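K.L.:
Take this structure first; my questions come after.
Every read-out reported here was derived from the displayed coordinates using simple, explicitly stated rules and does not represent laboratory data. Keep in mind that this is a model prediction, so the values were computed, not measured. A quick note on method: Cβ atoms are made from the backbone with ideal geometry, for glycine too, and the neighbour counts reach across all protein chains shown.
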């Protein structure tokens with residue numbers, strides 16, 4: 001699978017806002033967008049007017065970059081949301097938020113979603129007591145995500161529960177630091193999702 005290997009700070013600058021792709025660095029003055037708040041490239045400070053399609057495209061790209069998707073997984077999630085009852089945009093964000101890698105990030109075991117994805121792939125977590133290594137797994141209400149017993153001696157992972165306490169834990173997840181686990185209390189609603197995206201524009205982009 002293709003993956004982005006360049007500086008992720010360029011992605012934040014391209015979208016002209018913090019996407020929180022580098023963990024604790026994003027909360028400091030070292031954040032690139034704090035020092036250079038304009039798009040990268042030779043003509044970054046002289047970009048012209050953006051069309052309606054361009055606005056939709058940028059919103060779709062921003063959503064992909066926040067959660068670390070390639071195009072195919074993003075498109076698949078959209079069509080899955082389209083088949084569900086309710087508002088397509090809200091359904092899409094709910095599915096994205098309930099991915100295993102995102103839940104691991106939300107609980108506080110990792111500094112970024114990219115790091116969370118790597119930890120999941122290396123069998124550091126269980127779902128309802130069973131080992132899980134599929135980052136794209138969609139969790140349901142009542143599912144329990146726990147740090148695997150053998151990984152509880154890894155300070156880099158367990159220490160994240162305190163290091164990343166600066167991040168607000170969403171209301172739909174209940175974290176038990178003593179048991180190194182988190183429970184999906186309920187399906188996330190639109191008001192629970194803090195990502196600054198206009199999902200309506202993403203839906204319009206894929207509906208073209």
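K.L.:
Which order do 181, 51 fall in if you start with the one that has the fewest other Cβ atoms within 10 Å?
P.N.:
Working: 181 16, 51 8.
Ordered from fewest to most neighbouring Cβ atoms within 10 Å, 181, 51 come out as 51, 181.
K.L.:
Still on this structure, I have one more. Need one number: nm distance between label points at residue 130 and residue 179, each 7 Å from Cα along Cα→Cβ, rounded to one decimal.
P.N.:
Placing both labels 7 Å along Cα→Cβ, they lie 1.9 nm apart.
K.L.:
Give the relative contact order (percent, whole number) for segment 54-200; include only Cα pairs under 8 Å separated by 6+ residues. Before the final figure, lay out the partial values.
P.N.:
Working: 203 pairs, mean separation 35.3, N = 147.
Once normalised by length, the contact order is 24 percent.
K.L.:
Sort segment 146-189 into rounded, prolate or oblate with this rule: let a ≥ b ≥ c be the square roots of the eigenvalues of the Cα gyration tensor; rounded if a/c is under 1.5, and if a/c is not under 1.5, prolate when a/b is larger than b/c, oblate otherwise.
P.N.:
Values: a/c = 3.11, a/b = 1.56, b/c = 1.99.
Because a/c hits 1.5 or more and a/b fails to exceed b/c, segment 146-189 counts as oblate.
K.L.:
Okay, next question. Taking 22 Å as R0, compute the FRET efficiency from the Cβ-Cβ separation of residue 76 and residue 168 and round it to 0.05. Don't skip to the end; give the middle numbers.
P.N.:
Values: r = 29 Å, r/R0 = 1.31.
After rounding to 0.05, the efficiency reads 0.15.
K.L.:
Using Cβ counts within 10 Å as a stand-in for footprinting exposure, how do 167, 75 rank, fewest first? Each step should come with its number before you reach the end.
P.N.:
Details: 167 18, 75 14.
The most exposed by this proxy come first: 75, 167.
K.L.:
Assuming R0 = 41 Å, what is the FRET efficiency of residue 154 and residue 200, from their Cβ-Cβ distance, to the nearest 0.05? List each step's numbers first, then the result.
P.N.:
On the way: r = 41 Å, r/R0 = 1.00.
Using R0 = 41 Å, I get an efficiency of 0.50.
K.L.:
What's the center-to-center distance, using Cα atoms, between segment 139-194 and segment 61-81 in Å?
P.N.:
Using only Cα atoms to place each centre, the spacing works out to 23 Å.
K.L.:
So, one more: From the Cα gyration tensor of segment 100-186, with a ≥ b ≥ c the square roots of its eigenvalues, which class applies: rounded if a/c is under 1.5, or else prolate if a/b is larger than b/c, or else oblate? Each step should come with its number before you reach the end.
P.N.:
Working: a/c = 1.27, a/b = 1.03, b/c = 1.23.
Note, shape of segment 100-186 comes out rounded.
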